[in-house]
Amino acid sequence: MLDQERLRLSVRYSVHNPARIASVAVVSALALLTVACGSDDPKSSDTTAVATATSGAAVADAIAVSMSDDGCDPASITAAAGDVTFAVSNDVAGTELKSEFELLTPEPKILAEEFFEKGEKRDVTITLAAGEYELICGASSNPRGKLTVTGEGGENTAELKVDPAKLQANVDKYTEYVNGQLADMVTSNDALYDAIKSGDLAKSQELYMPARVQWERIEPIAELFPDSDAKMDSRVDDFEDGPTDPAFTGWHRLEYLMFDQKTLDGAEPFAADLVDNIAELVTLVKGITIDASTMINGSAALIEEAATGKITGEEERYAGTSLLTFASNVEGAKKVIDLNADLLEGVDGALYDEIEASFTAIEAGLAKYANGDGTYAQYDTLTDADRAPLQAELANLSENLSRVAAAFGLEVS
């Protein structure tokens, strides 16, 4: 569950760190090829084509949307297909420091996600085709607003440049990978819960990061579900009451207790909720469609977030395990490229070579700090000079990964 990076398939609600924004929006592009995740009945592709949300100067015909404690005002909106601009204002009176404006398709598929400071007003422009959409304004528990887009325009104009059957086969394999990671997530977090319940602090600390790595590998898919993401992977930054705020839950609440406070007092209920939320996430993911665009763009989003947000150490700030987070992000992105290597070499061999070179360089850079047991050095032991080449290579990889969708003829988000 990132600085304004809008391409890390994460879903960030009002309690989330804005540094995670970019990675979520990357999964907004709709599928040219779809496959049901964990299902034998793939959903058919729809005709909605969406561009990445952008912010800019005020637009005269923008649709005014107020985010309030009760959701979107107005709660029902009609717009013409094409470029749709929302003049969004954060009028939430609650305790959240930031609130989120989000646009989704019913599947769900996140088409835009923007965070607003209290009182902030900003335009958000999105290219939309005719269809029905949902809006989230403020807290994830708020009623969802409805958006109806009429007419023609905003269609997906990309032409697929790779073999559709081979691409579908790769999506099938990626779906299997995602489902396998979800199964491992259940197992690793059950073990973490058992350690916490037994009162073994040292064991709980040891099991914390192994319980996180599956999420970090498949984050673009997991973050398709804002409610789950908010409950499981939220940061402390946007809670008015800080780390003791009751709404601050999930892995990072446990991380705070175990590594900052060095206690398990009060941890068991949060661990139990996390186990329940993971079970719910498994059901949710198996009920949706993973498409080629989400798979390909998601790999770029994952590395984008690592390069622009996680490189600061903000995510695992209490445990100091950010290097393992980077390694897991890289592993998840590399899985996508490995599955699609033949296709990418066929349409752009030079791009494939550049991407592979970056993966090799990043893996070599991380290996310098490996402890030999699957863990890495504490992140705060690295200097700025240590971090700089790693950040540069992550940024270079992110840029090259963002070119793969166009090389394949998929919608670029």
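Coordinate-derived values only; no laboratory data. All figures in this text were calculated on a predicted structure; none of them were measured in a lab. Reconstructed Cβ throughout: ideal geometry from the backbone, glycine too, with neighbour counts over all protein chains shown.
Numbers at a glance
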{"quantity": "Isotropic mean projected area of the C-alpha convex hull, the stretch 108-223 (nm²)", "calculated": "11.9 nm²"}
{"quantity": "Distance between modelled label sites at Asp276 and Asp227, nm, 7 Å Cα→Cβ extension", "calculated": "1.3 nm"}
{"quantity": "Listed residue (Ser402, Trp215, Leu344) projecting farthest to the positive dipole end of the stretch 164-408, Cβ model", "calculated": "Leu344"}
{"quantity": "Residue order, fewest to most beta carbons within 10 Å, for Asp163, Asp238", "calculated": "Asp163, Asp238"}
{"quantity": "Residue order, fewest to most surrounding Cβ atoms within 10 angstrom, among Asp245, Asp291", "calculated": "Asp245, Asp291"}
{"quantity": "Prolate/oblate/rounded call for the stretch 270-413, Cα gyration tensor, a/c under 1.5 rounded", "calculated": "oblate"}
{"quantity": "Cα-Cα P(r), the stretch 164-408, percent of pairs per 5 Å interval", "calculated": "1, 6, 14, 17, 18, 17, 13, 8, 4, 2, 0, 0"}
{"quantity": "Three-way shape call for the stretch 81-142 based on the alpha-carbon gyration tensor, with the a/c threshold at 1.5", "calculated": "oblate"}
{"quantity": "Vicinal HN-Hα couplings computed from phi for the stretch 118-126 (Karplus, 6.51 cos²θ - 1.76 cosθ + 1.60; Hz; Gly/Pro x)", "calculated": "4, x, 6, 10, 7, 7, 10, 10, 9"}
{"quantity": "Alpha-carbon centroid distance for the pair the stretch 242-274 / the stretch 302-340, whole angstrom", "calculated": "22 Å"}
{"quantity": "Residues in the stretch 319-344 that a label on Lys166 would reach, taking backbone N under 14 Å of a point 7 Å out along Cα→Cβ", "calculated": "338-344"}
{"quantity": "Exceeding the 22 Å Cα-Cα cut-off - candidates Lys203/Lys368; Lys109/Lys173; Lys118/Lys262", "calculated": "Lys203/Lys368; Lys118/Lys262"}
{"quantity": "Hits among aspartates and glutamates - C-alpha to C-alpha of Lys121 under 17 Å, sequence gap 8 or more where chains match", "calculated": "Asp61, Asp69, Asp73, Asp91, Glu96, Glu100, Glu102, Glu113"}
{"quantity": "Residues with amide H under 5 Å from that of Gln378, placed H, sequence gap 5 or more", "calculated": "none"}
{"quantity": "Ranked Trp251, Trp215, criterion: other C-beta atoms within 10 Å, fewest first", "calculated": "Trp251, Trp215"}
{"quantity": "The stretch 297-413, dipole about Cα centre (Lys/Arg Cβ +1, Asp/Glu Cβ -1), debye to the nearest 20", "calculated": "200 debye"}
